[in-house]
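Have a look at the structure below, then the notes.
The values are calculated or read from the model by the stated rules, or taken from the named source; none is laboratory data. Quick caveat, the model's predicted, so the values are computed rather than measured. Backbone-built Cβ (ideal geometry, glycine too); neighbour counts: all protein chains shown. All accessible areas refer to the heavy atoms of the entire protein, side chains included, with ligands and DNA or RNA removed. Shrake-Rupley method; radii C 1.70, N 1.55, O 1.52, S 1.80 Å.
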Amino acid sequence: MAPAIWLLWRWFEGSLGANPPEAVVHFTGLTGLTLLLVTIGFSPAFRLTKWPGIMIARRQMGLWAFFWLLAHMVAWMGLDQYWDWPWIMRDMMDLAYVRYGLAALILLLPLALTSFKRVQQRMGPRAWHWLHRLIYVSAALGVTHFWILTRADYLLPTLYATALCGLVLFRLIDALMHRQ
């Protein structure tokens, strides 16, 4: 909730810059992508530390990432596009970064809906784990969305892409080591 409080405070204070709606769209997207990568990072952190508290917080962090990315889309549709549905649909068809972002969010929807214990039990651990690997695809689409949107300084998208590559590499190496 801390990012939401900070964002609201800055909005009401009038310190979001020359284009506050754009600042909200960017802030919600960056917060969501950051939380998504942090969620992915919980598994390697658990593997390295064996502290169970990390895995307990992972589901909640993933749900917060979904919330912020959903808020990002709603802010874009409302604050940037003014709920102009023909324009929104045109952007979805014409702009690759919008399609990547929408695809990333759509892939997160089944993860959010199946993150509850009762659903996990009904699905079974094997199916649930396979489904939740979509987080990597969603994160890759999110980083691609961020990369395409960047116009000048690619430092931050490069850091996010590098972090995601490192997390995927760790996951692959870990999977190979545990299969032997």
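For the stretch 62-127, give me every one of the helices (runs of 4 or more DSSP H) that falls completely inside it and has 1 or more residues that are of a type in the set (Phe, Trp, Tyr).
On the way: elements: 85-94, 96-113, 117-123.
Result: 85-94, 96-113.
Pairs linking a residue in the stretch 131-155 that is hydroxyl-bearing (Ser, Thr, Tyr) to a residue that is open to solvent by 40 Å² or more (accessible area, probe 1.4 Å), with Cβ atoms under 8 Å and 6 or more positions apart or on different chains, are 136/168; 136/171; 138/107; 144/97; 144/100; 150/156; 154/147.
Looking at 90, 122, can you tell me which residue is surrounded by 11 or more Cβ atoms within 10 Å (Cβ to Cβ) and over 24 Å from residue 58 (Cα atoms)?
90
Restricting the first member to the stretch 19-39 and to residues that are within 23 Å of residue 81 (Cβ to Cβ) and in a helix (DSSP H, G or I), and the second to residues that are open to solvent by 20 Å² or more (accessible area, probe 1.4 Å) and acidic (Asp, Glu), the beta-carbon pairs closer than 7 Å and six or more apart or on different chains are 21/80; 22/80; 25/80. On the given criteria, is residue 162 β-branched (Val, Ile, Thr), in a helix (DSSP H, G or I) and loosely packed, with under 15 Cβ neighbours inside 10 Å? In short, yes.
Yes or no, residue by residue, for (1) in contact with a Cys (Cβ under 7 Å, 6 or more places away or on another chain); (2) under 21 Å from residue 159 (Cβ atoms); (3) open to solvent by 20 Å² or more (accessible area, probe 1.4 Å); (4) not aliphatic (A, V, I, L, M):
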residue: 4; (1), (2), (3), (4): no, no, yes, no
residue: 13; (1), (2), (3), (4): no, no, yes, yes
residue: 19; (1), (2), (3), (4): no, no, yes, yes
residue: 24; (1), (2), (3), (4): no, no, no, no
residue: 44; (1), (2), (3), (4): no, yes, no, yes
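Taking the stretch 103-118 as the region of interest, how many residues are open to solvent by 50 Å² or more (accessible area, probe 1.4 Å) and of a type outside the set (Phe, Trp, Tyr)?
We begin by selecting, within the stretch 103-118, every residue open to solvent by 50 Å² or more (accessible area, probe 1.4 Å); these are 106, 109, 113, 116-118.
With of a type outside the set (Phe, Trp, Tyr) added as a condition, the list becomes 106, 109, 113, 117-118.
Counting residues in the stretch 103-118 that are open to solvent by 50 Å² or more (accessible area, probe 1.4 Å) and of a type outside the set (Phe, Trp, Tyr) gives 5.
Looking at (1) without any contact (Cβ under 8 Å) to a residue 40 or more places away in the chain; (2) out of contact with any Ser or Thr (no Cβ under 6 Å at 6 or more places or on another chain); (3) not aromatic (Phe, Trp, Tyr), which is the one condition that is false for residue 80? Looking at each condition in turn, residue 80 falls short on (1).
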